[in-house]
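One structure below.
The values are calculated or read from the model by the stated rules, or taken from the named source; none is laboratory data. Predicted, not measured: the structure shown is a model, and the values here were computed from it. Quick reminder, even Gly has a Cβ in these numbers, built from the backbone with ideal geometry, and neighbours come from all protein chains shown.
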Amino acid sequence: MKKLIKFLFVVLSLSFFLTSCADRGPVGPVGPQGPQGPAGPSILPVSFEFNADLLRSNGFEHFQDIPPQIDIIETDVMLVYVLEEYIPEDDLEVWRKMPVIDFNLRGTRILDFDFTFVDMRIFIDASYNLGAADEYRQLLIRAVHIPADFLNNFSTQKVKQAETIRELEAIIGKEIEIFKLN
């Protein structure tokens, strides 16, 4: 009897081993569709670009209307960057997040911004009296509007600390659409 049990055990083990090593059979039919997942954010971040002149004649400030396709609410965030340099051999734009602080022999100068529901202001503030040497012409500005609905899914602090547009896109996992105003 012992020999018969051993024989049956060996035969069964061998048959399981041999059948598991065979080629796979045909793929079965596609299963039923699963339930719809949660909706993504309805509003994605967008940006717009414009040129600003900060001159003595305009009080070293530039006002820019928010494009009509962007609706700003109280809890939204706006990030602003200024084109600092263009490297033609690599076709690279170097953007710097505002405020931009400059320490010079006369004191401290700050290139900054503020915004409302309808417009934004780019301006220079300084610890000394501004003059002709402090003027900027044709500054290329890129403003990024980040809706509050979108921010609910991310750390607001992380988003605000993004130094470049590419870092911001990496944080949110989306490409930011750019409107050219000028």
(message) For segment 166-175, give me each residue that is at pLDDT below 75 and under 16 Å from Met78 (Cβ atoms).
(response) Ile172
(request) Counting only residues that are closer than 18 Å to Glu169 by Cβ and under 18 Å from the mean Cα position of the chain (by Cα), give me the strands (runs of 3 or more DSSP E) lying completely in segment 31-100 with at least 1 of them. (result) 46-54, 77-87, 92-97
(message) Please determine whether any residue of segment 45-63 is out of contact with any Lys or Arg (no Cβ under 8 Å at 6 or more places or on another chain) and at pLDDT below 85.
(response) no
(request) Working only within segment 126-141, note down all residues that are within 18 Å of Ile101 (Cβ to Cβ), touching a residue at least 60 places away in the same chain (Cβ under 8 Å) and assigned to a strand (DSSP E or B). (result) Tyr136, Leu139, Ile141
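Condition check ((1) under 11 Å from the mean Cα position of the chain (by Cα); (2) at pLDDT below 80; (3) within 21 Å of Ile70 (Cα to Cα); (4) small (Gly, Ala, Ser)) across all residues:
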residue: Thr108; (1), (2), (3), (4): no, no, no, no
residue: Met120; (1), (2), (3), (4): no, no, yes, no
residue: Ser127; (1), (2), (3), (4): no, no, no, yes
residue: Leu139; (1), (2), (3), (4): no, no, no, no
residue: Asn152; (1), (2), (3), (4): no, yes, yes, no
residue: Glu163; (1), (2), (3), (4): yes, yes, no, no
(message) Checking Gln69 against (1) modelled with pLDDT of 95 or more; (2) surrounded by fewer than 12 Cβ atoms within 10 Å (Cβ to Cβ); (3) within 15 Å of Ile178 (Cβ to Cβ), only one condition comes out false. Which one?
(response) (1)
(request) Quick one: in segment 90-111, of everything that is touching an Asp or Glu at 6+ places or on another chain (Cβ under 6 Å) and not hydrophobic (A, V, I, L, M, F, W, C), which residue is surrounded by the most Cβ atoms within 10 Å (Cβ to Cβ)? (result) Lys97
